[in-house]
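**Q** Take this structure first; my questions come after.
Nothing in this text is a laboratory measurement; each read-out follows from the coordinates by a stated rule. Only a predicted model underlies this, so the values are computations on that prediction, with no experimental measurement involved. We place every Cβ from the backbone using ideal geometry, glycine too, and count neighbours over all the protein chains shown.
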Amino acid sequence: MSSPRILIAGGGIGGLALAQGLKKHNIPFTVFETDSCPNARAQGYRIRIAGNGAVALHECLSVEHWNLFERTCANVEPGLAKLNALDATNLSGSGMPAGLKSDPNVKPVYAVDRKTLRSLLTMGLEDHIKYGKSFVRYQTTEKGIKAIFSDGSIEEGTLLVGAEDCRYVDTGTRCLYGKTPMTDHFVAQFSSKAMKGMGVIKDKNNPVGDYVYWVFGGNVENIGLGDSQFHGLSGKAAADLAVELTKDWDPSIKCLFEQQDFSQCAPLRLMSARPVRPDWKSSASVTLLGDAAHAIMPAGGSGANTALADAALLLEHIVQEGVSETVLSKYVDEMWKYALPAIEGSVAGAEKLLGFKGFKGAREIDFC
């Protein structure tokens, strides 16, 4: 049986992890990324890889890549601080989720800089990634699939894997995210209680200065800006908004926003799939993973971890059984067994941490 050629539409974490796994098993593939270059836009900073996601990443990477990944991660203390922003006093309750799937070669939690992780996932794939390729539609053929892009180009393969934005629900929740350099002045002023569970990100190959990654979340009413205004914020304007919204907070906490890198702040509209399995008809030549299948709000890193789990699961099926409608149907059935609980968990986390008010009245947005 000849090797399939896999077309991956989307160069996010899930799509790149799948690509690394395919390379590891000598299966032909190409990644098509809409962005013009790897660092075309801000995508957040720190990310936690844990449970199923960590095991999945380990399965997709070569030994050399995995060792490099571990060397770039922070040592993370367990636990989560919960403080009253106005006076910096402790609030009751804890916050860390229970562990999921485990592997003796994998730690419970890895904290890694998102830019560093993307760089690692693209290492060795330079000849397999095409940038500036915006996927438009596909056509099935006798031999497999044709992917058609906005520039008019056409690529043929055995399987098309959609790994980028598709159809989401606008949750009405908005976030500002940024980073604050860990200068001596900041460390002396910042609440020591808030340091619980924090880790320092270090990339020995491409050093990134120590920083605190933060996310400020609230619903549309709290933020006080319309959609077009919010999404049009520059880094400086987003940073100024974060400072304004936290001006009445305790000095030991609001210094996080006052001393941030004002060029590195960015707005984010939180999107999510509904926690209901959609009515899909499996195909022999098209499937989805990550956000394309199930957008998950970034509460606890479940979106990235679920995308990685998708990549490892799909890789396992392709390696062991090839590409067919039966194989892809099994992949989809198994995927939803953990994806639905992940969506439900992110909804609960977003309600608790980010001001999400539920799906009633939420509107669907189609990115396809």
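**Q** Using a 7 Å offset from the Cα along the Cα-to-Cβ direction at both MET123 and ASP248, what is the distance between the two label points in nm, to one decimal?
**A** 4.8 nm
**Q** Going highest first, how would you order 15-26, 218-229, 129-140 by mean Cβ packing within 10 Å? Before the final figure, lay out the partial values.
**A** Working: 15-26: 23.0, 218-229: 13.4, 129-140: 15.5.
The most tightly packed comes first, giving 15-26, 129-140, 218-229.
**Q** Further question on the same structure: Taking other Cβ within 10 Å of each residue's Cβ, how do ASP250, ASP87, ASP127 sort, fewest first? Display every interim value, and only then the final one.
**A** Details: ASP250 16, ASP87 10, ASP127 7.
If I rank by nearby Cβ atoms, fewest first, I get ASP127, ASP87, ASP250.
**Q** Sticking with this one: For SER283 and LYS357, what is the calculated FRET efficiency with R₀ set at 51 Å and r taken between the beta-carbons, to the nearest 0.05?
**A** Numbers: r = 36 Å, r/R0 = 0.70.
My answer for the efficiency is 0.90.
**Q** Further question on the same structure: Just want the ordering: CYS175, CYS60, from fewest to most Cβ atoms lying within 10 Å of their own Cβ. Don't jump to the answer; show the numbers that get you there.
**A** Details: CYS175 20, CYS60 26.
The order, fewest Cβ neighbours first, is CYS175, CYS60.
**Q** While we're on this one: Evaluate the distance, in nm, between pseudo-label points positioned 7 Å from the Cα of GLU321 and of LYS82 along their respective Cα→Cβ axes.
**A** So the label points at GLU321 and LYS82 sit 4.2 nm apart.
**Q** Further question on the same structure: What is the distance in Å between the Cα centres of the range 299-340 and the range 1-30?
**A** Measuring centre to centre over Cα atoms gives 14 Å.
**Q** A further question follows. At 7 Å along Cα-to-Cβ for each site, give me the label-to-label distance between ASP240 and ASN67 in nm.
**A** For ASP240 paired with ASN67, the spin-label model returns 5.0 nm.
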